[in-house]
Structures are given as C-alpha cells and as structure tokens.
Ligand code: FES
C-alpha cells in the first residue's frame, strides 16, 4: 500500500491553491482573440491523436473571411476542435520573420515555406511542448507568440526560437478560396 500522506513538521509558508502541474499545462491563457470568429476563454482539449470519422471529415474545413483583419490583427478560429491563429502581419513582422531565416533555428524552416501570402500567417495554436495555447502575437522575446506554460518563444513565423518546445507551430492545410477568404483543412491545388 502506498503512503498517501506525508506529515510536514517544518513550517512552510502557506501556499493557497497551488495549481497542479498537469492542470497548469493545460490552462488556456490565450484570450486575446478578436473578431467575430474569435474564441476567448474556451478550453481547447489537446488532441493527441485522432482518426477522423465521416462526421468529423464533413466538418473538416473552416472557412474564414479575413477581409476585416487589419495589419497586426489576429483572430483565433476553431478548426476540428483546435484553435488556429490567423494573423495579418505588418511589414515589420514579415521583415522579422525573413530575418529569422538566416538564424540557426531549432526546427529549421524558411518563412516563405510557412505562408502562402506573406501577409497572412496561419498556424495551429498548440505549443509543441505540451499543447498549451500560446499567447497572441506580440508576446515573447521574438515578437511572436509566447507559450506561458513553460516559456517557449515563437517568432512572427510561428517558429520556435527559445524554450522547451521542440517544434514550430504547425501550419495546417489551407487554401485561399478568394483573396481574403481562406479555407482551413483543404489542401491547396
Ligand atoms: S506547453 Fe510547455 S512551453 Fe508550451
């Protein structure tokens, strides 16, 4: 039988409501989404694996009109139960992403490989460490997305630059149905 309690004889400072590590990992802290399609404060389960059923496939795409998205503005949209960040990047954010191409990156990728239109960045908003949702654009040491759970810093291309996360924020399949309408979950071509 395992012991389930320890007695503490030393005096420790009172700690109220200490979050347990697992819960904290899955706390969703990104609530800065804006726009009609924004989803703030929702709990997104971290889907570790799934095999799409016909039902899921029938809802496999999410169509998003980004015509009202101003430069520097980001929305979070749900796609297959997961959050996706869509950002209309400023010229500075694009320049920073291209500058990052020349750096030694933990998960090497050129910015141009990650965007179809340099102005529009589309990334799955799940940290590659333990699946937290990173904070919105403009956070962290690289002006991109900070994952607050354990301090992973992504750049303005969603590439991991610092912290424990091993991989870039994934780019989902998507295609532009029109200049300002994209369909997430549908491969180009
Ligand atoms: S989940 Fe650990 S840094 Fe993002």
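The values are calculated or read from the model by the stated rules, or taken from the named source; none is laboratory data. This one's a predicted model, so the numbers in the text were calculated from it and none came from an experiment. Virtual Cβ from ideal backbone geometry, glycine too; neighbours counted across all protein chains shown.
Those residues that are near the ligand (Cβ under 10 Å from one of its atoms), in a loop (DSSP other than H, G, I, E, B) and touching a residue at least 24 places away in the same chain (Cβ under 8 Å), I need them from the range 151-165; list them, please.
163, 164, 165, listed by residue number.
Are any of the residues in the range 91-107 in contact (Cβ under 8 Å) with a residue 24 or more places away in the chain, closer than 23 Å to residue 146 by Cβ, surrounded by fewer than 17 Cβ atoms within 10 Å (Cβ to Cβ) and in contact with a helix residue (DSSP H, G or I) (Cβ under 9 Å, 6 or more places away or on another chain)?
No, every residue in the range 91-107 fails to be in contact (Cβ under 8 Å) with a residue 24 or more places away in the chain, closer than 23 Å to residue 146 by Cβ, surrounded by fewer than 17 Cβ atoms within 10 Å (Cβ to Cβ) and in contact with a helix residue (DSSP H, G or I) (Cβ under 9 Å, 6 or more places away or on another chain).
When you check residue 130 against the structure, is it surrounded by 17 or more Cβ atoms within 10 Å (Cβ to Cβ) and either away from the ligand (no atom under 15 Å from the Cβ) or not in a loop (DSSP other than H, G, I, E, B) (or both), yes or no?
no
Given (1) outside any helix (DSSP H, G or I); (2) more than 16 Å from the ligand (Cβ to nearest atom); (3) within 27 Å of residue 67 (Cβ to Cβ), identify the lone condition not met by residue 95.
So the condition that residue 95 fails would be (1).
Answer with yes or no whether residue 118 is at pLDDT 95 or above and in contact with a strand residue (DSSP E or B) (Cβ under 7 Å, 6 or more places away or on another chain).
Values: at pLDDT 95 or above: yes; in contact with a strand residue (DSSP E or B) (Cβ under 7 Å, 6 or more places away or on another chain): no.
No, not satisfied.
Would you mind stating whether residue 173 is away from the ligand (no atom under 13 Å from the Cβ) and touching a strand residue (DSSP E or B) at 6+ places or on another chain (Cβ under 9 Å)?
yes
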